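A.B. asks: First the structure, which I've put down as structure tokens, then a few questions once you've had a look.
Taken together, the values in this text are just the output of simple stated rules run on the coordinates, not laboratory data. All of these numbers come straight from a predicted model, not from anything done at the bench. Here the Cβ is made from the backbone with ideal geometry for all residues, glycine too, and neighbour counts use every protein chain on show.
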Amino acid sequence: MAEHFPGIPVIPFEGPKSKNPLAFKHYNATEVVEGKSLRDLLRFSVCYWHTFRGTGSDPFGPGTLLRPWDDGTESVDNAVKRVDAAFEFIHKLSAPFYCFHDRDVAPEGATLAESNRNLDVVAKALKSAQDRTGVKLLWGTANLFSNPRFMHGAATSCNADVFAYAAAQVKKAIEVTHALGGENYVFWGGREGYMNLYNTDMKREIDHLARFMHMAADYAKAIGFKGQFLFEPKPKEPTKHQYDFDAAACLNFLRGYGLQDKVKLNIETNHATLAGHTMMHELEYSRIQGALGSIDANTGDLLLGWDTDQFPTDIYLTTQCMLVILKQGGLAPGGVNFDAKVRRESFEPIDLFYAHIGGMDAFARGTKIAAAIRKDKVLEDVVKKRYASFDDGIGKKIEDGSVSFVDLEKYMLDKGNADPNSSGRQELLENIINDYL
Ligand code: XLS
Ligand code: NI
Ligand code: NI
């Protein structure tokens, strides 16, 4: 088999002193943190759409990325050849997982039947590449947003035929995910939202989305797919308002329609910031609701509004992510998927390695820093103490529901005034966190 990344070996771990740009400085797959190897804790995944289908185009110009293995056609043949390049890359990176949309891996045909046939051919190639390399499928999904038929959305389209088409496409995507041993299946809203409320029956659209997800869950059960379903919050882009706005909106939707036991969340950094939240907020909110399933690791640019999907290199960010992820003992069966793309100026194939190595090292560092903070109980002790007034006395009675407004009024009338507050110590804690970086 021809080498697509000649001269690049399987990326070794060389430790923090290494100056080799093609080596890991912090991600040592077998290193154990909080009882798990970094490999099992982080479950890194390479995404097919950005890494193997991204062209580097932007609203102001066409693609720039050099991908010598790709002949630029939408043929099944080219798609099959691309699988070899993809798996050589993922293998050399020692990432245990990958993710894809149906239309990333195989071209869309003139009819649904032809698209399904194309997908079957490429799925066969994916299966043998998985078997050959040991790389596994973290999740599959369906692209329900690129084809013009989805201009009004898919499950929330005003056109019932488009809903039916989307259902057929997801049915097939679940089957392929199942056949490839996928551990999760993701729903990202694509165009499930609106551009203008003047032409939108919001109630009907959200009802339809719920119907769609119930049908997907029913079908998965019928074919014995045991993977976890994940809903990926995103507040806007391409629509002005996406129904899967943020973790709280997604959970409200899932609960409102009886889907909360069937679907967890896949949280993405750049989507969190577009929603006006931090990634840590979205992760912690999902975690406390028992809904944190997996993450799409990337980052935005503070000066750009768009979902720029850059590789995460900020150690504060990865430390904050890992503080939450370690609290729930990891993400399995989810993982850390790099839903990130190299910049259009980083057009050489080797840039794909630099980008992923940097992201993996940043998460490994974040993991070790977060573990050290947790070991010393730096935050845990402060938080515990901060709420100590609820551990006994009146606070305990409030928490266990044994007092009413009448009781609390009597308590305070007798006492005369509330006990004084203590300092929140935000600056001190920020300084202490810096000591660990
Ligand atoms: C787009 C989303 C998308 C999902 C998969 O913004 O992040 O890539 O992760 O459909
Ligand atoms: Ni994503
Ligand atoms: Ni995104």
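A.B. asks: Go through the residues of the range 189-204 one by one and say whether even a single one is of a type in the set (Ser, Thr, Tyr) and in contact with a helix residue (DSSP H, G or I) (Cβ under 6 Å, 6 or more places away or on another chain). Let's see the steps before the verdict.
C.D. replies: Our first condition is that a residue be of a type in the set (Ser, Thr, Tyr); within the range 189-204, this holds for 194, 198, 200.
If we keep only those that are in contact with a helix residue (DSSP H, G or I) (Cβ under 6 Å, 6 or more places away or on another chain) as well, we get none.
Checking the range 189-204: not a single residue is of a type in the set (Ser, Thr, Tyr) and in contact with a helix residue (DSSP H, G or I) (Cβ under 6 Å, 6 or more places away or on another chain).
A.B. asks: When you go through 121, 83 one by one, which is the residue that is assigned to a helix (DSSP H, G or I) and surrounded by fewer than 19 Cβ atoms within 10 Å (Cβ to Cβ)? Spell out how you get there, then give the answer.
C.D. replies: Details: 83 fails: surrounded by fewer than 19 Cβ atoms within 10 Å (Cβ to Cβ).
Of 121, 83, the one residue that is assigned to a helix (DSSP H, G or I) and surrounded by fewer than 19 Cβ atoms within 10 Å (Cβ to Cβ) is 121.
A.B. asks: Continuing with this model, one more query. Would it be correct to say that residue 304 is away from ligand 3 (no atom under 16 Å from the Cβ) and farther than 14 Å from residue 269 by Cα? Show your work before the answer.
C.D. replies: Working: away from ligand 3 (no atom under 16 Å from the Cβ): no; farther than 14 Å from residue 269 by Cα: yes.
Answer is no for this residue.
A.B. asks: Tell me, please, whether a residue that is in contact with a Cys (Cβ under 9 Å, 6 or more places away or on another chain) and either basic (Lys, Arg) or farther than 30 Å from residue 271 by Cβ (or both) can be found in the range 394-414.
C.D. replies: No, the range 394-414 contains no residue that is in contact with a Cys (Cβ under 9 Å, 6 or more places away or on another chain) and either basic (Lys, Arg) or farther than 30 Å from residue 271 by Cβ (or both).
A.B. asks: Also: Which of the numbered conditions does residue 206 fail, given that it passes all the others? Conditions: (1) under 20 Å from residue 157 (Cα atoms); (2) within 15 Å of ligand 3 (Cβ to nearest atom); (3) among the β-branched types (Val, Ile, Thr).
C.D. replies: Unmet condition: (2).
A.B. asks: Kindly indicate the residue of the range 293-343 that is more than 24 Å from residue 354 (Cβ to Cβ) and within 15 Å of ligand 2 (Cβ to nearest atom) and also surrounded by the fewest Cβ atoms within 10 Å (Cβ to Cβ) among those meeting that condition. Let's see the steps before the verdict.
C.D. replies: Of the residues in the range 293-343, the ones more than 24 Å from residue 354 (Cβ to Cβ) are 293-294, 305, 323-334.
Imposing the further condition that a residue be within 15 Å of ligand 2 (Cβ to nearest atom) reduces the set to 293-294, 331, 334.
Values: 293: 24, 294: 27, 331: 22, 334: 26.
Going through the qualifying residues, I end up with 331.
A.B. asks: Only residues that are more than 16 Å from ligand 3 (Cβ to nearest atom) and either among the aliphatic types (A, V, I, L, M) or assigned to a helix (DSSP H, G or I) (or both): list them for the range 221-248, please.
C.D. replies: 221, 222, 223, 248
A.B. asks: I'm checking my understanding of the structure. Among residues of the range 337-379 that are of a type in the set (Val, Ile, Thr) and away from ligand 1 (no atom under 16 Å from the Cβ), which one is farthest from residue 426 (Cα to Cα)? Write out each step before concluding.
C.D. replies: Here is the first cut: in the range 337-379, the residues of a type in the set (Val, Ile, Thr) are 342, 350, 357, 367, 369, 373, 378.
Cutting the leftovers down to away from ligand 1 (no atom under 16 Å from the Cβ) gives us 350, 357, 367, 369, 373, 378.
Details: 350: 42, 357: 33, 367: 22, 369: 19, 373: 16, 378: 12 Å.
Ranking the candidates gives 350 first.
A.B. asks: Which one is farthest from ligand 1 (Cβ to nearest atom), of the residues in the range 182-192 that are touching an Asp or Glu at 6+ places or on another chain (Cβ under 9 Å) and within 15 Å of residue 146 (Cα to Cα)? Before the answer, list the steps.
C.D. replies: Kept after step one, since they are touching an Asp or Glu at 6+ places or on another chain (Cβ under 9 Å), are these residues of the range 182-192: 186-189, 192.
If we keep only those that are within 15 Å of residue 146 (Cα to Cα) too, we end up with 187-189, 192.
Values: 187: 8, 188: 3, 189: 9, 192: 11 Å.
Going through the qualifying residues, I end up with 192.
A.B. asks: From the set of residues in the range 26-53 that are assigned to a strand (DSSP E or B) and touching a helix residue (DSSP H, G or I) at 6+ places or on another chain (Cβ under 7 Å), which is farthest from ligand 1 (Cβ to nearest atom)?
C.D. replies: To start, the set of residues in the range 26-53 that are assigned to a strand (DSSP E or B) comprises 32-33, 36-37, 44-47.
Filter once more, so that each one left must be touching a helix residue (DSSP H, G or I) at 6+ places or on another chain (Cβ under 7 Å): 33, 44, 46.
On the way: 33: 26, 44: 15, 46: 13 Å.
Selected residue: 33.
A.B. asks: Turning to a different aspect of this structure: Does the range 199-220 contain at least one residue that is touching a residue at least 24 places away in the same chain (Cβ under 8 Å), assigned to a helix (DSSP H, G or I) and farther than 21 Å from residue 163 by Cβ?
C.D. replies: no
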